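Heads up, the thing below is written out as structure tokens.
The values are calculated or read from the model by the stated rules, or taken from the named source; none is laboratory data. Computed from a prediction, not measured in an experiment: that's the story for all the values here. Please note: Cβ atoms are built from the backbone with ideal geometry, for glycine as well, and neighbour counts cover all protein chains shown. Note: accessible area is taken over every heavy atom of the protein model, side chains too, but ligands, DNA and RNA are not part of it. Shrake-Rupley method; radii C 1.70, N 1.55, O 1.52, S 1.80 Å.
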Amino acid sequence: MLRVGDRVIQQVNDYDGEVFNGGLGTITAIDLEETEVTVQYQERMVTYDYADLNEITLAFATTIHKAQGSKYPVVVLPLYMQHYMMLSRNLLYTGLTRAKQLAILIGPSKAIGLAVKQVKDTQRYTLLQERLVKREHQGSNLSKTVPESISD
């Protein structure tokens, strides 16, 4: 149940409303007759129809993934061995760098140590280099197909 004063986080990009994934706001009004909820994001007010409320969720806590691109005065980062597969240096770095003033790590030193030691630089297979080479070859072929009378 949403209430006026609750903090919420935007979960999808809304280009029309100019509010984006990870944006934090505060509910300022709930209109039961119009079935609308108004959220203030910094200086911007965004009104949601009840049908669009799946775009926001309460923001008492959030994941590092959802927090990317945002900053918070204080970040509490729990690290436990139960989720050791997720522990990595880049995830720890991302979590810590969300904090503006204070970051608090909670958990056993073993979990924190594992996160620091675990470098998971997953290679991305975008085929960018191959695509650029192919594009370059296509470009050189295009110039060969242009009639000489046009290229002169």
Skipping prolines and chain starts, which residues have an amide H placed within reach, meaning under 5 Å, of the one on LEU105, given they are 5 or more residues away or on another chain? LEU77
The chain - share of DSSP beta bridges that are antiparallel (%, nearest 5): 75 percent
Any idea what the relative contact order of segment 26-96 is, in percent, if you count C-alpha pairs under 8 Å spaced at least 6 apart? 18 percent
With every protein chain left in place, what is the accessible area of ARG3 in Å² (1.4 Å probe, nearest 10)? 140 Å²
Would you work out the charge dipole size for the chain about its Cα centre, treating the Cβ of every Lys and Arg as +1 and the Cβ of every Asp and Glu as -1, and quote it to the nearest 20 debye? 1440 debye
Between VAL74 and ASP31, what length in nm is gained on full extension when 0.36 nm per residue of separation is reduced by their alpha carbon distance? 12.3 nm
What FRET efficiency, computed as 1/(1 + (r/R0)^6) with R0 = 30 Å and r the Cβ-Cβ distance, is obtained for LYS110 and THR57, rounded to the nearest 0.05? 0.40
If the cut-off is 16 Å between C-alpha atoms, which lysines fall inside it for LYS100, apart from same-chain ones fewer than 8 positions away? LYS71
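Note down the relative contact order for the chain as a percent, whole number, built from C-alpha pairs under 8 angstrom at least six residues apart.
Answer for the chain is 16 percent.
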